[in-house]
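S.K.: Before anything else, here's the structure in question.
Read the figures in this text as sums done on the coordinates, not as results from a lab. Keep in mind that this is a model prediction, so the values were computed, not measured. Here the Cβ positions follow ideal geometry from the backbone for every residue, glycine too, while neighbour counts run over all protein chains shown.
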Amino acid sequence: MARGTRPKPGRYGCLVPLVAAAVCPHPPLLVPEIAGAAASELDDLRTACDTAVARLLDSGARTVVVVGAGDRSTDVDAPFRGSFAPWGVPTEVRLGNHPDGLAGTGQLPLSLLVGVWLLGRRPAAATDGVNWRLTTVGADEQVQTCADLGARLDSHQPWALLVMGDGSACRCEKAPGYADPRAEAYDETVARALAEADGDALLGLDPGLSAQLRVAGRAPWQVLAGAARAAGGDWRGELRYHAAPYGVGYLVANWERP
């Protein structure tokens, strides 16, 4: 770059220094205390999520943004605390250092609650000095709105994105949304897009079909696509998990710079 030339927004290392992303699902059964005797059934998924989050935190990012679907698109105010009490256990989670007795939000949506729980499983040294930001994207937001939200998630220092979202919930008759013959192909499309770091394919996911298949990850995945597109440059994807236990599609992946 010539001396005196102003860097263009959206180029890696300039105004939007996104360095890494991880994608994880957010079933409450990931938490062993909730799963109880069935906890071992999701051991592979739990391990994949732990590996993806560890890889994210090893990226050198000084800010980590956690994004998941919610009732509306908004930043969550600190301090970041929540409880799994609505799912039958009093397990509490927190992110960052807060004085004892300081009240948290207590109203984290499931997507962010599980994201905070996953981050809390890492050693303290891995999260020391990291700046945290939690944000929700409305589950019914349109594609361009999601992409624009991702493009605005910039930082003045290298940052990473933890994206929380489930695939279709219609993979078998016992699934929450019963069986839908379109569900497997939908999840395969997402798995391929995550493996290939194909943001355009994620942006091509149809909101209407996604809602019919009870997909919780469509909007957050499109936030990821918008953020990666705004950052520019090449990305490498690695799919760590893709299966549908209990009839719900769960996908775990990492996106990194080559």
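S.K.: Are there trypsin sites (Lys or Arg not before Pro) in region 121-229 that DSSP puts in a loop and that have at most 10 other Cβ atoms within 10 Å, and which ones?
M.R.: Listed in order of number, the matching sites are 174.
S.K.: Then there's this: If I take the Cα coordinates of region 21-81 and project them onto the principal axes, what are the three extents in Å, biggest first?
M.R.: 35, 30, 18
S.K.: Which percent, to the nearest 5, of DSSP beta bridges fully inside the chain are antiparallel?
M.R.: Approximately 45 percent, going by the DSSP bridge assignments.
S.K.: So what's the back-of-envelope 222 nm ellipticity for the chain, counting only DSSP H runs of four-plus at -39500 (n - 2.57) apiece and dividing by all residues, rounded to 500?
M.R.: After summing the helix terms and dividing by residue count, I get -9000 deg cm²/dmol.
S.K.: So, one more: Explain nothing, just the number: dipole magnitude of region 129-258 about its Cα centre with +1 on each Lys and Arg Cβ and -1 on each Asp and Glu Cβ, in debye rounded to the nearest 20.
M.R.: 280
S.K.: Let me ask something else about it. By the scheme Lys and Arg +1, Asp and Glu -1, what is the net charge of all other residues having a beta-carbon under 12 Å from that of residue 70? Spell out each step's value before the answer.
M.R.: Numbers: positive: 72; negative: 71, 75, 140, 141.
Combined, the nearby Lys, Arg, Asp and Glu give -3.
S.K.: Output needed for the chain: three equivalent-ellipsoid semi-axes, defined as square roots of 5 times the C-alpha gyration tensor eigenvalues, in descending order, whole Å.
M.R.: Numbers: eigenvalues 150, 109, 52 Å².
For the chain, the ellipsoid semi-axes come out as 27, 23, 16 Å.
S.K.: To the nearest 0.05, what FRET efficiency results for residue 85 and residue 152 with a Förster distance of 30 Å applied to their C-beta separation?
M.R.: That gives a FRET efficiency of 0.35.
S.K.: Tally Lys and Arg at +1 and Asp and Glu at -1 over the other residues with C-beta under 15 Å from the C-beta of residue 123: what net charge comes out?
M.R.: Computed value for this residue: 0.
S.K.: Over every pair of different alpha-carbon atoms in region 131-186, take the mean of 1/r and invert it; report that Kirkwood radius in Å.
M.R.: For region 131-186, inverting the mean 1/r across all distinct Cα pairs yields 14.1 Å.
S.K.: Over the alpha carbons of region 73-172, what is the largest minus smallest coordinate on each principal axis, giving the biggest first in Å?
M.R.: The principal-axis extents, from largest down, are 42, 41, 23 Å.
S.K.: Average projected area of the Cα convex hull of region 199-246, in nm²? Intermediate values should be presented prior to the final figure.
M.R.: Values: hull surface 16.3 nm².
Computing the convex hull of the Cα atoms and averaging its projections yields 4.1 nm².
S.K.: Suppose each label sits 7 Å from its Cα in the direction of the beta carbon; what would the residue 196-residue 55 distance come out to in nanometres?
M.R.: The two pseudo-label positions are separated by 1.8 nm.
S.K.: Dipole size in debye (nearest 20) for the chain around its Cα centre, Lys and Arg Cβ +1, Asp and Glu Cβ -1?
M.R.: On the way: 24 positive and 29 negative charges, 175 e Å.
So the dipole magnitude of the chain works out to roughly 840 debye.
S.K.: Mind checking region 165-253 for chymotrypsin sites (Phe, Trp or Tyr not before Pro) that DSSP puts in a loop (not H, G, I, E or B) and that have at most 16 other Cβ atoms within 10 Å? Write down the numbers at each step before the final one.
M.R.: Numbers: sites: 178, 186, 221, 235, 241, 246, 250; in loops: 178, 235.
Here the chymotrypsin sites (Phe, Trp or Tyr not before Pro) that fit, given the DSSP loop and packing criteria, are 178.
S.K.: Here is a further query. Does anything in region 27-57 have its amide N under 17 Å from the 7 Å Cα→Cβ label point of residue 128, and if so which residues?
M.R.: 57
S.K.: Describe numerically, in nm with one decimal, the distance between label points set 7 Å from Cα along Cα→Cβ at residue 246 and at residue 71.
M.R.: Result: 2.3 nm between the two label points.
S.K.: Moving on to the next point. Computed over the Cα atoms of region 113-258, what is the convex hull's projected area averaged over all directions, in nm²?
M.R.: Numbers: hull surface 35.5 nm².
One quarter of the hull surface, i.e. the mean projection, equals 8.9 nm².
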